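Peer 1: The structure follows.
Every number here is computed from the coordinates shown, using simple stated rules; none is lab data. Predicted model only: the values in this text are computed from it and were never measured. Here the Cβ positions follow ideal geometry from the backbone for every residue, glycine too, while neighbour counts run over all protein chains shown.
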Amino acid sequence: MADILEQYAEVAGADVVRHLRQLAEPLKGAKVVHVNSTREGGGVAEILRKLVPLMQALELDTTWEVVTGEAEYYQCTKGFHNALQGFPVGISQAMLAAYEATNAQNAERLRPVLEEADFVFIHDPQPAPLLHFCPGRKGKWLWRCHIDVSRPYRAVWKYLRNWVQAYDASIFSLAAFAQRLPHPQYLIAPSIDPLSEKNMDLPPEEIDEVRRRFELNPDLPLVLQVSRFDRFKDPLGVIEAYRIVKRMTPLQLVLAGGGAADDPEGAVVLEEVRRAAADDPHIRVLLLPPDAHRTINALQRAADIVFQKSTKEGFGLTVAEAMWKGKPVIGGDTGGIRLQVIDHYTGFRVRTPEGAALRTRYLLHRRDEMEAMGARARRHVRENFLVTRHLREYLALMVSIQR
Ligand code: UDP
């Protein structure tokens, strides 16, 4: 088990790993449970896939549980997601009842584990009421919010706040997301795993093979966006930006995404995207299976520029993933993208398709600048957004809250 940590010493430095071991010392044997609502799809699952084994390697007794429900539950929680990101959605009493009942049912199954745990990390709103259904809890409970709650739709936040305020603390990705809550709030930015299939180095032949598989033209500049098909990711805005660039500069666009088990709106948005792209042979809309990590890695490496034109974004792991591969990112000027894309330095932040098009054309005509930006982007991720830093902050928080 210790080996997994030693591998990180090579990428992040031996002192970083030594520091992690020191921090974990007083937490050894502690029971830690992470709870979210999907094992696959989206950033939270991506993070837990690595954070959980790393905590285990540090000898924290760590497990990952997933709450599940019926269609009405996921409709409700997708509604929460949209509302917290500022969209005024009405959520019916029936949906709220399904949300609460689903949490009560999941609590029946999870209660023995949750009540015994020393630390419970509840990720996002989907499992937030679990605390209420575990009256015999022993440990500290932390609500970890991954979404952009800078301007939540008040009616929905008021409802959720009732569940969240009973926690011992909450964790947000950015200061701009902090809320009025009666407990301490911590800021911890998410991270990527440099050794995962999504981010490891790949042989050039594998990148070529992916180009051939999706019939991409190796002689045409490639712009890419990887995202769930979700309106906040603005895939239609990406197509619009591409069309503006194309009037003057030839290029090709790939929009790659898959569904997440807890996201019921993906199919509708995918259909809108397919319709918008239908008449253009240089746009590929790829629906990928949830385990297509190497394919996404290869696409990110094959791209010249990576887009993340979100209109709301908690963090945007896809931004860090692309930057780690030395790509300049043209990202929406919002939420967690602001932490990563330093405007004119590691990429460009934009508000409109026209802005995205302008920056794309600028970079495509200045290869040197594109490479320099990409190199700065990679350095920025190495210094700030690798999983080792993320783990260190979680450990420090657990040590401080344990007392
Ligand atoms: N992702 C994936 N397959 C897809 C689309 C996305 O594996 O078809 C991954 C992507 O590489 C990233 C994560 O899912 O690691 C998405 O995280 P992000 O923070 O960008 O967005 P979220 O989906 O959490 O809003």
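Peer 1: After finding the eigenvalues of the alpha carbon gyration tensor for the stretch 142-298, what semi-axes result from the square roots of 5 times each, listed largest first in whole Å?
Peer 2: 36, 20, 14
Peer 1: Sticking with this one: Distance cut-off 22 Å, Cα to Cα: go down the list Lys28/Lys138; Lys28/Lys140; Lys140/Lys233 and report the pairs above it. Show your work: numbers first, answer last.
Peer 2: Values: Lys28/Lys138 17 Å; Lys28/Lys140 16 Å; Lys140/Lys233 34 Å.
Over 22 Å Cα-Cα: Lys140/Lys233.
Peer 1: In whole angstrom, note down how far apart the Cα centers of the stretch 186-218 and the stretch 250-294 are.
Peer 2: One Cα centre to the other: 17 Å.
Peer 1: If amide hydrogens are placed 1.01 Å from N in the peptide plane, which non-local residues have theirs closer than 5 Å to the one on Arg144?
Peer 2: Ile122, His123, Asp124, Ile171
Peer 1: Whole angstrom only: what separates the Cα centroid of the stretch 354-398 from the Cα centroid of the stretch 86-119?
Peer 2: If we compute the Cα centre of each part, the gap is 36 Å.
Peer 1: Let me ask something else. Taking the Cβ of Phe177 as the centre, find all other residues whose Cβ is under 13 Å away and add up their charges (Lys, Arg: +1; Asp, Glu: -1).
Peer 2: +2
Peer 1: Equivalent-ellipsoid semi-axes (√(5λ), Cα gyration tensor) for the chain, whole Å, largest first?
Peer 2: After diagonalising the Cα gyration tensor, the semi-axes are 35, 26, 18 Å.
Peer 1: So what's the stretch 1-128 giving for Cα Rg divided by 2.2 N^0.38 Å, two decimals?
Peer 2: Taking N as the residue count of the stretch 1-128, the ratio is 1.28.
Peer 1: For Thr352, what is the net charge nearby, where nearby means another residue's Cβ is under 12 Å from its Cβ and Lys, Arg count +1, Asp, Glu -1?
Peer 2: Local charge sum for Thr352: 0.
Peer 1: While we're here: Trypsin sites (Lys or Arg not before Pro), restricted to the stretch 157-242: which are DSSP loop and have at most 16 other Cβ atoms within 10 Å?
Peer 2: Arg180
Peer 1: Follow-up question, since we're still on this one. Asp3 to Arg382: FRET efficiency via 1/(1 + (r/R0)^6), r the Cβ-Cβ distance, R0 25 Å, to the nearest 0.05?
Peer 2: With R0 = 25 Å, the Cβ-Cβ based efficiency is 0.70.
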